[in-house]
Amino acid sequence: MLVVEYLYIAATAVLVLSGLTMVGMAIKAYLQTTRRAMIHVSLGFGLIAAAAIATAISAFVTDFEGVRSLLLVNNGLSSLGFILVVYSLIIYD
């Protein structure tokens, strides 16, 4: 395994852990406040974390072949996640 692959795994792990931390915090906030916006925040960060996990697993399974497809899936899921986070800011009252 190359050094860059270890760095990729480390960066992905940090992204996933921070994303899942945000999911947990948003769920906790929802349980305390029952604000719908917190559901959208948790779904958004969940999608962002899922995009990172799916891309990393797919990259290693396919030996980094089909990079365009990997990037498309990653960017698509991440974009949907960020849209949900932004939507939660819009509907927050």
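The values are calculated or read from the model by the stated rules, or taken from the named source; none is laboratory data. Please read these numbers as outputs of a predicted model, since none were measured by experiment. Cβ atoms come from the backbone with ideal geometry, glycine included; neighbour counts cover every protein chain shown. Surface areas here come from the heavy atoms of the whole protein model, side chains and all, with no ligands, DNA or RNA. Shrake-Rupley method; radii C 1.70, N 1.55, O 1.52, S 1.80 Å.
So the values come out like this:
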read-out	value
Residues of segment 54-80 that turn out to be part of a helix (DSSP H, G or I) and open to solvent by less than 70 Å² (accessible area, probe 1.4 Å), as a count	11
A10 vs. criteria closer than 20 Å to I83 by Cα and at pLDDT 95 or above	no
Count of residues meeting criterion [assigned to a helix (DSSP H, G or I), of a type outside the set (F, W, Y) and open to solvent by 60 Å² or more (accessible area, probe 1.4 Å)] in segment 19-41	11
Selection count where residues are of a type outside the set (F, W, Y) and over 24 Å from Y87 (Cα atoms), scope segment 15-73	14
Long-range neighbours under 9 Å by Cβ, at least six apart or interchain, first residue closer than 14 Å to A59 by Cα and touching a residue at least 12 places away in the same chain (Cβ under 8 Å) within segment 9-20, second polar (S, T, N, Q) and part of a helix (DSSP H, G or I)	T12/T55
Condition check for I9: open to solvent by 70 Å² or more (accessible area, probe 1.4 Å), within 18 Å of L72 (Cβ to Cβ) and out of contact with any Gly (no Cβ under 7 Å at 6 or more places or on another chain)	no
